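*Asks:* Have a look at this one.
FYI, it's all coordinate maths here, none of it is from the lab. Values in this document were obtained by computation on a predicted structure and should not be read as measured data. As a convention, Cβ positions derive from the backbone with ideal geometry for all residues, glycine included, and neighbour counts pool all protein chains shown.
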Amino acid sequence: MSKKKGQAKVTIYPDWCKGCGICAAFCPSKVLELWPDGKAHVVREEDCVNCGFCELHCPDFAISVTPKEVSRRKTDTLDASTGGPLDPSAGTDPGPEENVGTPNREDENGHKKA
Amino acid sequence: MAQVTQLIHDYLRHNKKFPHVYCAGCGHGIVLGSLIRSVHSLGYSKDEVVLVAGIGCSGRMAVYVDFNTVHTTHGRALTFATGIKMANPNLKVIVVMGDGDAMSIGGNHLIHAARRNIGLTALVLNNNIYGMTGGQASPTSPEGTISATSPFGQLESSFDIVEMAMASGASYVARGTVLHANMLDSLISEALEKPGFNLVEILTPCHTQYGRKNKFKTVVDMYQWYKKNTAKLERYRQLAPEEQAKFTPIGVFRDEMRPGLEVKYATLRNKLQEQPNA
C-alpha cells in the first residue's frame, strides 16, 4: 500500500490502551491525540500516511493500522477472469477485537476478577 | 504494515491477564512485540523457541508469550538456558534479562556464557534502574542518577554492557533502542540466526522509577532523549571525540561467525564415537 494520505484505517483498542502518549507525540501527521480520559483517540484519520510508527511502537499492542476499504464502482467489483466479486478478505482485517472487546479478566490461577 | 498487531496477538497467551503488567509507556512491551515479529519473520514454530527469563519487569515477558518458557531465579537465566541448549541444541534459546539481572546478580554468568560462546541469544533490557523492586540504582545507572538508593546522585560509574560482552568473548554484540523499532527487529532477527553467543542490549525507558526522578516530565521525553542522544555506529565513528561524548552508539558492534560450544561438543562426541577404543 502506498504511503498516500487517507488510505489507512487506524483502530485503537481502548481496553488495552494505557495512555502513554507515544503514538500521539510521534505521529508525523498528528492523527492521534491523547484525551483527558487517559486514552489515545483517532482525530484526523484522513491525514494518516500509513507509516506504521504507532503500531510498531505501541507497548500495549492497542493500535492497528489497516488498509481502508476503498469504495469501488459497481463495475469494479467484478473480477474480470471469474466474473465473481473480488476477494472480500483482501484489505479487510477483522483485528483482534474479539480478544479486546471482552478482555479476559482471569488471573493466572483462573480466578475471575470483577 | 497492517496485521502487525494481529500477528502479535497470535503469539500471546490470552488466558493471562491483559493488558500486561508494564507501566504506561514502558519499552518492555515494544521489545516483546519486536521479539515476536522477529521470531515470526524467521519462520520458527512456537515449539522450537525457548524463552528463558530472569526476575524483574523483563521476567514477566516469559509469562505472556506462547513459546516454551522458563521463568527462572534472579540472575540465573543464563545458567538455565545453558543447560537447555546443551541438552537439546536444536532449540532456539532466547534469554531475556534486565540490567540488574544480567550485570550485577548474574554478571558472573554473563561473562562465562560469553566466554564459552554457547549458542544463546541474550536480550539485555537496560532501563538503568531496578524498576520492579522500588527504583534502586543498578550497575548501569549513569553517574549522577537520582534513585531510591542514591538520593543525592549516583557516585559510582556505570557498566557498558556492550563493551563487557565484547571483552568477554561474545561472537555477536549489538545495541538498539525501543524507539528504533525497525532496527531492533533486524538486530534481534540477525542475532537469532548467528551461531555462538549473541547479545543485544536494548535501551528501554523506565519512567516510573528512573524518569520521574531524573528530570523527565513524561515518558515521551525519554523517547525524545533516545532520539536526540543516540547515533548509528557508522555516524558515531565519524564524529570528533568531544562530539562522541554526547551520543550513545547503536548498531552492530561485533559480528564474528564463530561456532558455538554446543557445535564443538557435538563434533567431539561424534569423533570419540568413531574411535571406540580411544
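*Asks:* Within the range A:8-35, how many residues are in a loop (DSSP other than H, G, I, E, B), within 11 Å of chain B (Cβ to nearest Cβ) and either polar (S, T, N, Q) or in contact (Cβ under 8 Å) with a residue 24 or more places away in the chain (or both)?
*Replies:* Result for the range A:8-35: 7.
*Asks:* Pull up the range B:163-182, narrow it to residues that are under 17 Å from B:Arg116 (Cα atoms) and in contact with a Leu (Cβ under 8 Å, 6 or more places away or on another chain), then point me to the one that is surrounded by the most Cβ atoms within 10 Å (Cβ to Cβ).
*Replies:* Checking each candidate, the answer is B:Ala165.
*Asks:* Quick check: is even one residue across the range B:68-91 within 14 Å of chain A (Cβ to nearest Cβ) and either within 23 Å of B:Leu187 (Cβ to Cβ) or part of a helix (DSSP H, G or I) (or both)?
*Replies:* Yes; the residues of the range B:68-91 include at least one that is within 14 Å of chain A (Cβ to nearest Cβ) and either within 23 Å of B:Leu187 (Cβ to Cβ) or part of a helix (DSSP H, G or I) (or both).
*Asks:* Ok, one more. What residue, of B:Gly100, B:Gly56, B:Gly131, B:Gly106, is out of contact with any strand residue (DSSP E or B) (no Cβ under 7 Å at 6 or more places or on another chain), small (Gly, Ala, Ser) and crowded, with 23+ Cβ neighbours inside 10 Å?
*Replies:* B:Gly131
*Asks:* Just the residues that are more than 7 Å from every other protein chain (Cβ to nearest Cβ), in contact (Cβ under 8 Å) with a residue 24 or more places away in the chain and small (Gly, Ala, Ser), please, taken from the range B:20-47.
*Replies:* B:Ser34, B:Ser38, B:Ser41 - these are the residues of the range B:20-47 that are more than 7 Å from every other protein chain (Cβ to nearest Cβ), in contact (Cβ under 8 Å) with a residue 24 or more places away in the chain and small (Gly, Ala, Ser).
*Asks:* Out of (1) more than 14 Å from every other protein chain (Cβ to nearest Cβ); (2) closer than 23 Å to B:Asp99 by Cβ; (3) in a helix (DSSP H, G or I); (4) among the hydrophobic types (A, V, I, L, M, F, W, C), the odd one out for B:Leu51 is which?
*Replies:* Failed condition: (3).
*Asks:* Looking at B:Leu187, B:Leu192, can you tell me which residue is surrounded by fewer than 24 Cβ atoms within 10 Å (Cβ to Cβ), aliphatic (A, V, I, L, M) and under 19 Å from the mean Cα position of the chain (by Cα)?
*Replies:* One residue alone meets the criteria, B:Leu192.
*Asks:* For the range A:42-63, how many residues meet the condition of being in contact with a Leu (Cβ under 9 Å, 6 or more places away or on another chain), at the interface with chain B (Cβ under 7 Å from one of its Cβ atoms) and in a loop (DSSP other than H, G, I, E, B)?
*Replies:* Qualifying residue count for the region: 2.
*Asks:* Filter the range B:178-190 for residues that are under 23 Å from B:Tyr223 (Cβ atoms) and either out of contact with any Ser or Thr (no Cβ under 6 Å at 6 or more places or on another chain) or part of a helix (DSSP H, G or I) (or both) and give the result.
*Replies:* B:Leu179, B:His180, B:Ala181, B:Asn182, B:Met183, B:Leu184, B:Asp185, B:Ser186, B:Leu187, B:Ile188, B:Ser189
*Asks:* Restricting to the range B:1-19, and then to whatever is more than 7 Å from chain A (Cβ to nearest Cβ) and not hydroxyl-bearing (Ser, Thr, Tyr), can you tell me which residue is surrounded by the most Cβ atoms within 10 Å (Cβ to Cβ)?
*Replies:* B:Leu12
*Asks:* So which residues in the range B:109-128 are of a type in the set (S, T, N, Q) and touching a strand residue (DSSP E or B) at 6+ places or on another chain (Cβ under 8 Å), if there are any at all?
*Replies:* B:Thr121, B:Asn126, B:Asn127
*Asks:* Out of the residues in the range B:161-177 meeting the condition of being outside any helix (DSSP H, G or I) and within 16 Å of B:Arg254 (Cα to Cα), tell me which one is farthest from the other protein chains (Cβ to nearest Cβ).
*Replies:* Ranking the qualifying residues of the range B:161-177, first place goes to B:Gly169.
*Asks:* Looking at (1) surrounded by 24 or more Cβ atoms within 10 Å (Cβ to Cβ); (2) part of a helix (DSSP H, G or I), find the lone condition where B:Ile94 falls short.
*Replies:* (2)
*Asks:* Related question: Looking at B:Ile161, is it touching a Gly at 6+ places or on another chain (Cβ under 6 Å) and among the β-branched types (Val, Ile, Thr)?
*Replies:* no
*Asks:* Which members of the range B:7-22 meet the condition of being β-branched (Val, Ile, Thr) and in a loop (DSSP other than H, G, I, E, B)?
*Replies:* The one that is β-branched (Val, Ile, Thr) and in a loop (DSSP other than H, G, I, E, B): B:Val21.
*Asks:* So if I check each of B:Ile202, B:Ile250, which one is touching a Lys or Arg at 6+ places or on another chain (Cβ under 6 Å) and among the hydrophobic types (A, V, I, L, M, F, W, C)?
*Replies:* Exactly one of B:Ile202, B:Ile250 is touching a Lys or Arg at 6+ places or on another chain (Cβ under 6 Å) and among the hydrophobic types (A, V, I, L, M, F, W, C), namely B:Ile250.
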